[in-house]
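A.B. asks: Okay, handing you the structure first.
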Amino acid sequence: MTSLLSPTSYTVDPWDPGYGVARGDELDGRESSARLELDLELPAARWRPLSPRGGALPGSVLFLDGVRRIDARIWVHGEEPEPLPGVVASLAAGLVCCDGVARILDVAVDRGLYAESGGDIATRHARYTFRRTTGGLDKLTLGVQRRLSELEVELANSWRQHSNVEDDLLVVDGPLRGRTHLARTVGYVKTHQKSYLQPEQAAVVAELAPGQRSPVFTMGTSWERHSWYLRLPGASRAPWSAVVRLECSADLPPEDAVALADVTARVLPGLASSPHKDPRAPQNLVPIGGLERQLRHRLGDAALLYRSLRGALAA
């Protein structure tokens, strides 16, 4: 007996599976614990897709990103009865400027030993600075991430002090947490692991056309920020395809946050990547993708550094 089934269609997520998916399984409308102020730009009941308004554009757009690599996990033998865990990591942060052409302004490389006790480790090919970090392996990894954030902030502050430019826009790849004090800065979030909005507002995000954004709202978790969603060109039928979330400091007046949201909606869509060039297209913007490749190259050969590290510790 043959049963007739209703037609079934499929959509392949546009991202390379090695990078996961842009929209996580948890983004299913379940209520988030985040505190929301949805009426910041428009009343929540009147939310709709917004096209950016005109106005002055920044003279240049800066992109700040960093990469990290765990070179080795080690045990530190000292005065304690049991050896203590340690993480040896290489970090690289970089800054790209787009003002008609894209160019790398600066790159900083940092190598460290993250452990509760120890000292600097000098090898044939690198030197790892001891950075006291307490806790188990999870806390050590968080210490690595904190140092990367510090390195990125140091790089951005150094460039801005040197350039004295006051009309740039700084786009930080990832959440803005710990960097909200940076002026004229937005965080750029490519993946969505949680549903922060209520179903009615989430439906508005799903309706965005390329180049349109959601109204600005305020969101508070362990920290507070203004946020909005933006759809880039190149969407597929995958859920929230080509949608990114941006955030800025909650200290900004609402009108300034709205103006910043309009600027991002005018500037960023033109920098979206293409699937044949980037496995995380279009969310992984062209300047960010190019910077990431250069930063990974600057980290050095992982196998060479590992062998050098083992040799130094054995000696």
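A.B. asks: Hey, what D do you get for region 191-273 in µm²/s if you plug the Kirkwood alpha-carbon radius into Stokes-Einstein at 4 °C and 1.567 mPa s?
C.D. replies: On the way: Rh = 13.2 Å.
Calculated translational D: 98 µm²/s.
A.B. asks: For K139, give me every one of the lysines with a C-alpha distance below 27 angstrom, ignoring sequence neighbours fewer than eight places off in its own chain.
C.D. replies: Within the straight-line limit of under 27 Å, K139 reaches these lysines: K190, K194.
A.B. asks: In degrees between 0 and 90, to the nearest 10, how far off the longest principal axis of the chain does helix 137-163 point, with axes built from Cα atoms?
C.D. replies: 70
A.B. asks: Can you pull the three principal axis extents for the Cα set of region 232-282, in Å, largest first?
C.D. replies: 40, 21, 14
A.B. asks: Let me ask another. Normalised by the empirical 2.2 N^0.38 Å for globular proteins, what value does the Cα Rg of region 61-125 take?
C.D. replies: Here the answer is 1.60, to two decimals.
A.B. asks: Per residue, what volume in Å³ does the Cα convex hull of region 86-181 take up?
C.D. replies: 122
A.B. asks: Please give the per residue accessible area of region 108-174, computed with a probe of 1.4 Å over protein heavy atoms only, in Å².
C.D. replies: About 52 Å² of surface per residue is accessible.
A.B. asks: Let me check I have the definition right: for region 136-244, take the eigenvalues of the Cα gyration tensor, multiply each by 5, take square roots. What are those semi-axes in whole Å, largest first?
C.D. replies: Numbers: eigenvalues 159, 77, 35 Å².
After scaling each eigenvalue by five and taking roots: 28, 20, 13 Å.
A.B. asks: Translational D (Stokes-Einstein, µm²/s) of region 146-202 at 37 °C and 0.692 mPa s when Rh comes from the Kirkwood sum over C-alpha pairs?
C.D. replies: Translational D for this selection: 249 µm²/s.
A.B. asks: Roughly to the nearest percent, how much of the accessible area of region 206-315 is carbon and sulfur, given a 1.4 Å probe?
C.D. replies: 53
A.B. asks: Once the Cα gyration tensor of the chain is found, what semi-axes does its equivalent ellipsoid get, as square roots of 5 times the eigenvalues, in whole Å, sorted largest first?
C.D. replies: 37, 25, 20
A.B. asks: Taking the Cα centre of each part, how many Å lie between region 61-86 and region 138-176?
C.D. replies: If we compute the Cα centre of each part, the gap is 20 Å.
A.B. asks: Same structure again: May I ask for the equivalent-ellipsoid semi-axes of region 88-128, computed as the square root of five times each C-alpha gyration tensor eigenvalue and listed largest first in whole Å? Before the final figure, lay out each step's value.
C.D. replies: Values: eigenvalues 204, 23, 5 Å².
Equivalent ellipsoid of region 88-128: 32, 11, 5 Å, largest first.
The values are calculated or read from the model by the stated rules, or taken from the named source; none is laboratory data. A quick note: this is a predicted structure, and the numbers were derived from the prediction, not measured. Surface accessibility is based on the protein's heavy atoms, side chains included, excluding ligands, DNA and RNA. Shrake-Rupley method; radii C 1.70, N 1.55, O 1.52, S 1.80 Å.
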